[in-house]
1. State the answer as a single residue: which of Gln19, Tyr105, Met31 lies farthest towards the positive end of the charge dipole of the chain, with beta carbon charges of +1 for Lys and Arg and -1 for Asp and Glu, about the Cα centre.
2. With a 1.4 Å probe and all protein chains in place, put Thr5, Thr32 in order of accessible area, largest first.
3. Relative contact order for the range 15-71: what percent, with Cα pairs under 8 Å and sequence separation of 6 or more?
4. For the chain, what does the accessible surface come to per residue with a 1.4 Å probe? Please give it in Å².
5. Would you calculate, for the chain, the mean residue ellipticity at 222 nm contributed by helices, counting each DSSP H stretch of 4 or more residues as -39,500 (n - 2.57) and dividing by all residues, to the nearest 500?
6. What percent does the relative contact order of the chain come to when contacts are Cα pairs within less than 8 Å and at least six residues apart?
7. Let me spell out the model: positive unit charges on the Cβ of Lys and Arg, negative unit charges on the Cβ of Asp and Glu, origin at the Cα centre of the range 25-174. What dipole size does that give, in debye rounded to 20?
8. Once phi is turned into ³J(HN,Hα) by the Karplus curve 6.51 cos²θ - 1.76 cosθ + 1.60 with θ = phi - 60°, what whole-Hz value does each residue of the range 142-149 show in order, with x for glycine and proline?
Amino acid sequence: MQLLTPRLYLSRLQPEDWQIFKAVHQDAATMTWVSEIPDENDIRQRFNERLAPWQASSFHMLCLVARIRESDEPIGLFGCSAEWHPYRQAEVGYMLRAAFTGLGYGSEALDALCQFLLQAEFHKLKAMVIEGNWPSRRILEKNGFALEGTLRDNYLLNGQWVSDWVFGRLNPEY
């Protein structure tokens, strides 16, 4: 599986992608909006779980590595957790290395992932973003996601309760 954009390609996580997976999960700027930086054993467990083959009805997460087409340099991770039966929904997520934010790569890669999921007949795509993460919110809005609400004090991040913005995008075909 490979998704192509004008500047990027996204491909399924492979065993040789351990270094990028680890680097993203240890990037302090990226993890500011996700969680405390996990220890290496936890990162390895997450990595191994995401190596499993994926299809729309899978219960585990699809994980794609986004790379610059010209240089093959990995820039981050994109993926989804599917709730195929009975809802035909998928929650999308992404983590870019801090050095590659603000360049339009996030929007470009998310567009490719969304097109793939919508063509796979998902009815709705969802995303949750910590309130205040404006760059991530802009990526979602550029890709047709609408703010559906705010879950107050929904997540404990680095010892502080934070609220989550909830976004959704409906598939016009289904």
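The values are calculated or read from the model by the stated rules, or taken from the named source; none is laboratory data. Here the structure is a predicted model, which means the values were calculated and not measured. Glycine gets a Cβ as well: all are built from the backbone with ideal geometry, and neighbour counts include every protein chain shown. SASA here: full protein model, heavy atoms, side chains in, ligands and nucleic acids out. Shrake-Rupley method; radii C 1.70, N 1.55, O 1.52, S 1.80 Å.
1. Of the candidates, Tyr105 comes out farthest on the positive side.
2. Correct descending sequence by accessible area is Thr32, Thr5.
3. It rounds to 27 percent for the range 15-71.
4. 53
5. Value at 222 nm, helices only: -8000 deg cm²/dmol.
6. Details: 306 pairs, mean separation 32.9, N = 174.
That works out to 19 percent.
7. Dipole size: approximately 260 debye.
8. 4, 9, x, 7, 10, 5, 9, x
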